[in-house]
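The values are calculated or read from the model by the stated rules, or taken from the named source; none is laboratory data. What you see is a predicted model; the values in this text were computed from it and never measured. So basically every Cβ, Gly included, is an ideal-geometry build from the backbone, and we count neighbours across all protein chains shown.
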Amino acid sequence: MRMPLSLCALAALLPLAASAATLPAYRPQPVQPAPDASYLLSDGSIQVVGTEYVEAIVAELDALFARTHPGLKFTLQLRGTGTAIPALTHGVTLFAPMGREAGELELVPYKKIVGAAPLELRVAHASNTSPTLPTSLALYVNKANPIERLTLDQVARIFGSGHEQGDITRWSQLGLPGEWAGRAIHPYGTPETGGFGSHMKRHLLRGASFSPAYEAAPNTKAILERVASDTAGIGFAAIGKVSPQLKMVAVSADGRAWSAGSAADVSAGAYPFGRYLYFSLRRTPGKTVDPLAREYLRMVLSRVGLAIIGAGADGFLPLGEKEAAEQLARLDEAAPTDSVKP
C-alpha cells in the first residue's frame, strides 16, 4: 500500500523546486470555486471523477491543496477512465484523471455539448513495471526472429495500410535473408477501439487503417501468446513482458537513437512508445479553464506535485522539468472558437 507523504517529507521537497529555473516552487494563489459550479456537491466538497488508478495520488494532492487553500475539501469518485469524459461533459468534476487520451467516440457527444475538445494535460509517464497501472507499449517478436530494431516509419508500414512509401508485408523487406525472405509478417495488437489500439492508430498510423493482415486480440496476454507461437509474428503490447519465447525490439524515431523503453528513456521522453497519465480539463469555446482547476494544475505540475505523483514504487514515472513546463504553459490556452462546426 502506498503511504502518504508526510508534511515533513513535503517540506523537504519544496526547496528542490526553488532551484528549478523552468519549474518554480508552487506558490499558492487565492482561489474559490464559483458558487454555482456543477462540480460542487451538497456538502460543499469538490468532486473529482475519473480513473481508479490515481486514488492514492489524488488523495495526497487534494490534501496538499486543502492545506494551502483552507476551507476547500474534495470527494473522489474514481471508478474508471470511462467515467471521466461523461463527467467532464456535464461539468460535474473539477478535472478528469484518465489513464489514456479521450477516444474519438467519447469526444463526439462531448464536443456537441461543450463546443470544444477538453484540454488534456500530461501529468506523468505511464508505468514501466506495474501489473495494474497503465503502461508504455513495446514491440515484441518471436525469439527465433533475427530482427533487433525498427524505425517508427518501418513499424507504421508494418501495422498500417496505404503508406505513401508502400506497406511492409514480408520480412524480406526488412532485410531478413534465407528462410525468412518469403515469410509474410503477421502483426498483432488490440482492437483499434481499445486503449492500445486507439493510441497506436492516432500516434503511429496518424489515423490510417490497420493492415489487412492485422489480427486483434483482447489483451497483452493474448497478444504475446500469439507472437510466442508464431515465428513470423510481431505485436505491440504492454512493456516489460519478455519471456524465453519473446524478445522486445528496439525502436527509433530518427534511425539514430534507439531505445527499448528503459525507465530513464521513458522519463526523458526519448522512447517513442511511451504513454501518459492525463488530467483533462473542461473549456468552452474562446475560454480558458476554470480558475480553480488552473490553480490545482499549477500545483500538480510543480516540483512538489510531481514528487507526489512519482513517489509510488512501480508507479507512474514523473515528467521531466521541460515536459512539465510545456504542460504548465498550456493552462492559459483558450479553446478554439471554431472547434465544432455547425
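A few remarks follow.
- Among the residues of segment 262-272, those that are touching a residue at least 60 places away in the same chain (Cβ under 8 Å) and either assigned to a helix (DSSP H, G or I) or buried (at least 23 other Cβ atoms within 10 Å of the Cβ) (or both) comprise ALA263, VAL266, SER267, TYR271.
- For LYS201, the criteria (1) under 19 Å from SER136 (Cβ atoms); (2) surrounded by 16 or more Cβ atoms within 10 Å (Cβ to Cβ); (3) out of contact with any strand residue (DSSP E or B) (no Cβ under 8 Å at 6 or more places or on another chain); (4) basic (Lys, Arg) hold in every case but one, which is (3).
- Just one of the listed residues (ALA102, ALA34) is surrounded by fewer than 22 Cβ atoms within 10 Å (Cβ to Cβ), at pLDDT below 95 and on the phi < 0 side of the Ramachandran plot, and it is ALA102.
- Within segment 99-137, tally of residues that are in contact with a Lys or Arg (Cβ under 8 Å, 6 or more places away or on another chain) and assigned to a helix (DSSP H, G or I): 1
- The lone criterion from (1) surrounded by fewer than 22 Cβ atoms within 10 Å (Cβ to Cβ); (2) outside the structural domain of GLY197 (by TED's automatic domain parsing); (3) basic (Lys, Arg) left unmet by ARG282 is number (1).
This table checks each residue for (1) aliphatic (A, V, I, L, M); (2) surrounded by fewer than 18 Cβ atoms within 10 Å (Cβ to Cβ).
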residue: THR75; (1), (2): no, yes
residue: LEU78; (1), (2): yes, no
residue: GLY82; (1), (2): no, yes
residue: LEU88; (1), (2): yes, no
residue: PRO109; (1), (2): no, yes
residue: ILE113; (1), (2): yes, yes
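- The lone exception for SER259 - which of (1) in contact with a strand residue (DSSP E or B) (Cβ under 8 Å, 6 or more places away or on another chain); (2) at pLDDT below 95 it fails: (2)
- Residue in segment 268-281 that is over 26 Å from ALA138 (Cα atoms) and among the hydroxyl-bearing types (Ser, Thr, Tyr) present: no
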